[in-house]
1. Out of D14, D56, report the one residue that is farther than 20 Å from S99 by Cβ and open to solvent by 50 Å² or more (accessible area, probe 1.4 Å).
2. Check off (1) closer than 18 Å to A42 by Cβ; (2) open to solvent by 40 Å² or more (accessible area, probe 1.4 Å); (3) not aromatic (F, W, Y) for S115 and give me the number that stays unchecked.
3. With the structure loaded, tell me whether Y83 is over 22 Å from the mean Cα position of the chain (by Cα), within 28 Å of P135 (Cβ to Cβ) and outside any loop (DSSP other than H, G, I, E, B) or whether it fails that test.
4. Check off (1) at pLDDT 85 or above; (2) open to solvent by less than 70 Å² (accessible area, probe 1.4 Å) for T158 and give me the number that stays unchecked.
5. Could you tell me whether the range 30-37 includes any residue that is of a type in the set (F, W, Y), within 19 Å of A123 (Cα to Cα) and crowded, with 18+ Cβ neighbours inside 10 Å?
6. Looking at the range 135-151, which of the residues that are open to solvent by 50 Å² or more (accessible area, probe 1.4 Å) and either within 13 Å of Y174 (Cβ to Cβ) or among the basic types (K, R) (or both) is nearest to the chain's Cα centre (by Cα)?
7. Looking at the range 38-46, is at least one residue buried (at least 17 other Cβ atoms within 10 Å of the Cβ), under 20 Å from the mean Cα position of the chain (by Cα) and among the polar types (S, T, N, Q)?
8. Is there any pair with a first residue in the range 110-133 that is at negative phi and among the β-branched types (V, I, T) and a second that is modelled with pLDDT of 95 or more and assigned to a helix (DSSP H, G or I) whose Cβ atoms are under 9 Å apart and which are 6 or more apart or on different chains, and what are they?
Amino acid sequence: MTQSPQIATGTLKDLGEYVAAALPAEVTRWEIKNRELIVWVARPSIVKLLAYLRDDSHCLFKQLIDICGVDYPEREERFEVVYNLLSLKHNNRIRVKLSTTADEPVPSVVSLFNSANWFEREAWDLYGIFFSDHPDLRRLLTDYGFEGHPFRKDFPLTGYVEVRYDEEQKRVVYDKVKLVQDFRVFDFESPWEGILTRLPGDEKASKPS
């Protein structure tokens, strides 16, 4: 039997208050948005908070669904790291967020959740978010010699280098990107919107029905 939105929201409110009261120094704020509980945590306290959410009998968020990064270049701490957790015992979900810079490391949570290994490597590869104490923080999706981090909003659309096979050297080589032509900008305006004259039949649209 599923819960009604009112009951579900009340349960999330109780959970938010419970976690914030248990770890007041670690939880900076919390809110319910789109029927989801979101908790913000101080960056150094992420391991302590997730351990509490995993082990406390009122929480039991035993599954780390994923970790993802979000880039806000205009912010002083431009990156958000988002942790989504699931409690099968209580049929609940919680989202934990923290913010960081490109230079400030985020404590790894691999010691708590094995699945964090690949998630943190993905965030490092695509965003350049560094996770301290990670057992094997290597790139996951891009090539070993790849420069930069593709999901940063300041990363060029064409990348910095291109890969090709050189017949003379009989190996893969990296060259700087060379564009045959510049990027073109399309306004996607309908051709009908550019017509300034009236077409036959337009007068019917202005007549009262």
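The values are calculated or read from the model by the stated rules, or taken from the named source; none is laboratory data. These figures come from a predicted structure and were not determined experimentally. Note that we place each Cβ from the backbone using ideal geometry, even for glycine, and neighbour counts take in every protein chain shown. Surface accessibility is based on the protein's heavy atoms, side chains included, excluding ligands, DNA and RNA. Shrake-Rupley method; radii C 1.70, N 1.55, O 1.52, S 1.80 Å.
1. The conditions single out D14.
2. Going through the list (1) closer than 18 Å to A42 by Cβ; (2) open to solvent by 40 Å² or more (accessible area, probe 1.4 Å); (3) not aromatic (F, W, Y), S115 breaks only (1).
3. Against the criterion (over 22 Å from the mean Cα position of the chain (by Cα), within 28 Å of P135 (Cβ to Cβ) and outside any loop (DSSP other than H, G, I, E, B)), Y83 does not qualify.
4. Only one criterion is unmet by T158, namely (1).
5. no
6. Residue satisfying both the conditions and the ranking: R138.
7. yes
8. V110/A116; V110/N117; V110/E120; I129/E120; I129/A123
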